[in-house]
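Enquirer: Let me give you the structure first, and then I'll get to my questions.
The values are calculated or read from the model by the stated rules, or taken from the named source; none is laboratory data. This one's a predicted model, so the numbers in the text were calculated from it and none came from an experiment. Here the Cβ positions follow ideal geometry from the backbone for every residue, glycine too, while neighbour counts run over all protein chains shown. Remember, those area values only see protein heavy atoms, side chains included, never the ligands or the DNA or RNA. Shrake-Rupley method; radii C 1.70, N 1.55, O 1.52, S 1.80 Å.
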Amino acid sequence: MTDVPERMPLTHAFFDRPVLEVAPDLLGRTLVRTTPDGPIELRLTEVEAYAGERDPGSHAYRGRTPRNASMFGPPGHAYVYFIYGMWFSLNVVCGPEHHASGVLLRAGEVLTGTELARA
């Protein structure tokens with residue numbers, strides 16, 4: 001685990017590491033979204049690591065496409081996609097630029113703003 005406190009904003013350097021190091025370091029961290037109606041805070045309880053072109057479960061497995069291009073971008077950027085016609089999935093790009101890998105933020109416990117999160 002890195003020595004970054006759980007509620008400190010994470011830098012791009014935090015994500016510029018191998019995805020299998022970043023993923024466990026995200027567990028227990030708090031994701032904060034500020035909305036006009038108030039904050040939503042969520043503690044990450046489940047993540048999944050995807051190792052890009054060498055991982056058959058990754059959207060980048062078959063190379064760069066317009067859909068997955070952000071996975072090949074700078075570490076710390078988001079890769080968001082719509083799945084099953086129902087949900088948006090948020091991933092954070094990891095590792096060096098041009099080498100796609102990312103962590104799917106799969107589940108969390110809402111700490112603040114439960115009704116906002118439901119909406």
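Enquirer: Out of curiosity, is Glu115 in contact with a Ser or Thr (Cβ under 9 Å, 6 or more places away or on another chain), open to solvent by 30 Å² or more (accessible area, probe 1.4 Å) and of a type in the set (Asp, Glu)?
Expert: Judged against the criteria, Glu115 is not a match.
Enquirer: Still on this model: Condition check: of a type in the set (Asp, Glu) and within 20 Å of Gly113 (Cβ to Cβ). Does Asp37 satisfy that? Full working, then the answer.
Expert: Details: of a type in the set (Asp, Glu): yes; within 20 Å of Gly113 (Cβ to Cβ): yes.
Against the criterion (of a type in the set (Asp, Glu) and within 20 Å of Gly113 (Cβ to Cβ)), Asp37 qualifies.
Enquirer: I'd like to know if region 33-41 contains one or more residues that are under 18 Å from the mean Cα position of the chain (by Cα) and either part of a loop (DSSP other than H, G, I, E, B) or under 23 Å from Glu21 (Cα atoms) (or both). Full working, then the answer.
Expert: Of the residues in region 33-41, the ones under 18 Å from the mean Cα position of the chain (by Cα) are 33-34, 40-41.
Adding the requirement that they be either part of a loop (DSSP other than H, G, I, E, B) or under 23 Å from Glu21 (Cα atoms) (or both) leaves none.
Looking through region 33-41, none of the residues is under 18 Å from the mean Cα position of the chain (by Cα) and either part of a loop (DSSP other than H, G, I, E, B) or under 23 Å from Glu21 (Cα atoms) (or both).
Enquirer: Moving on to the next point. List the pairs whose first member sits in region 83-106 and is more than 23 Å from Pro9 (Cα to Cα), whose second member is open to solvent by less than 30 Å² (accessible area, probe 1.4 Å) and assigned to a strand (DSSP E or B), and whose Cβ atoms are under 7 Å apart, counting only residues at least 6 apart or on separate chains?
Expert: Qualifying pairs under 7 Å: Ile83/Ser89.
Enquirer: Can you list residue pairs whose Cβ atoms sit under 6 Å apart, with the first residue in region 12-39 being under 19 Å from Ala107 (Cα atoms) and the second being hydrophobic (A, V, I, L, M, F, W, C) and open to solvent by 70 Å² or more (accessible area, probe 1.4 Å)? Count only pairs 6 or more apart in sequence or on different chains.
Expert: Between residues of region 12-39 that are under 19 Å from Ala107 (Cα atoms) and residues that are hydrophobic (A, V, I, L, M, F, W, C) and open to solvent by 70 Å² or more (accessible area, probe 1.4 Å), the close pairs are Asp25/Met1.
Enquirer: What's the total number of residues in region 49-94 that are surrounded by 13 or more Cβ atoms within 10 Å (Cβ to Cβ) and in a loop (DSSP other than H, G, I, E, B)?
Expert: Matching residues across region 49-94 total 14.
Enquirer: Scan region 15-27 and give yes if some residue there is open to solvent by 30 Å² or more (accessible area, probe 1.4 Å), of a type in the set (A, V, I, L, M) and either assigned to a loop (DSSP other than H, G, I, E, B) or modelled with pLDDT of 95 or more (or both), otherwise no. Break it down stepwise before answering.
Expert: Here is the first cut: in region 15-27, the ones open to solvent by 30 Å² or more (accessible area, probe 1.4 Å) are 16-18, 20-21, 24, 27.
Checking which are of a type in the set (A, V, I, L, M) leaves us with 20, 27.
Subsequent filtering for residues that are either assigned to a loop (DSSP other than H, G, I, E, B) or modelled with pLDDT of 95 or more (or both) retains 20, 27.
Yes: one or more hits.
Enquirer: Could you tell me whether region 28-45 includes any residue that is at pLDDT below 95, touching a helix residue (DSSP H, G or I) at 6+ places or on another chain (Cβ under 6 Å), among the basic types (Lys, Arg) and open to solvent by 40 Å² or more (accessible area, probe 1.4 Å)?
Expert: no
Enquirer: Does region 21-57 hold any residues that are among the hydrophobic types (A, V, I, L, M, F, W, C) and within 12 Å of Val93 (Cα to Cα), and which are they? Don't jump to the end; show me each part of the working.
Expert: Keep residues of region 21-57 that are among the hydrophobic types (A, V, I, L, M, F, W, C), which gives 22-23, 26-27, 31-32, 40, 42, 44, 47, 49, 51.
If the condition is that a residue be among the hydrophobic types (A, V, I, L, M, F, W, C) and within 12 Å of Val93 (Cα to Cα), then Val22, Ala23, Ala49, Ala51 are the ones that fit.
Enquirer: In this structure, does Arg106 turn out to be open to solvent by 60 Å² or more (accessible area, probe 1.4 Å), closer than 30 Å to Pro39 by Cβ and at pLDDT 95 or above?
Expert: yes
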